[in-house]
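Everything on this sheet refers to the single structure shown next.
The values are calculated or read from the model by the stated rules, or taken from the named source; none is laboratory data. The structure presented is a predicted model; accordingly, all values stated were derived computationally and were not measured. Cβ atoms come from the backbone with ideal geometry, glycine included; neighbour counts cover every protein chain shown.
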Amino acid sequence: MEKTTYNTLEEIQLRRNQLSEDIEREGEQIAVLWGDLFKRNEDSTRGEQIATLITNSITAIDAFLLVRKLIKNYSGIFRFFHREGKKKKNRR
């Protein structure tokens, strides 16, 4: 990036106006892209809606089974710490 020197207040004002326009234009582009990112697909058919529902359901079931498997396999680690806390409370 080249360093620019300004000699008058008018040059500074022109550059400021140019930058303001650039920022506004880029802000509008970001707003359009952001809107496209979260735009709902309203023209989907009934079959596509059912397929999406099934896909989301399978993903939720898969996540549930993964968490269950992790808890089953690694719950011994957490029980060890949990039992130590109970033993200390029972001794009092």
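Computed quantities for the displayed model
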| item | result |
| --- | --- |
| The stretch 31-48: number of residues that are surrounded by 10 or more Cβ atoms within 10 Å (Cβ to Cβ) and hydroxyl-bearing (Ser, Thr, Tyr) | 1 |
| Test: Arg79 is over 25 Å from the mean Cα position of the chain (by Cα), at pLDDT below 85 and part of a helix (DSSP H, G or I) | yes |
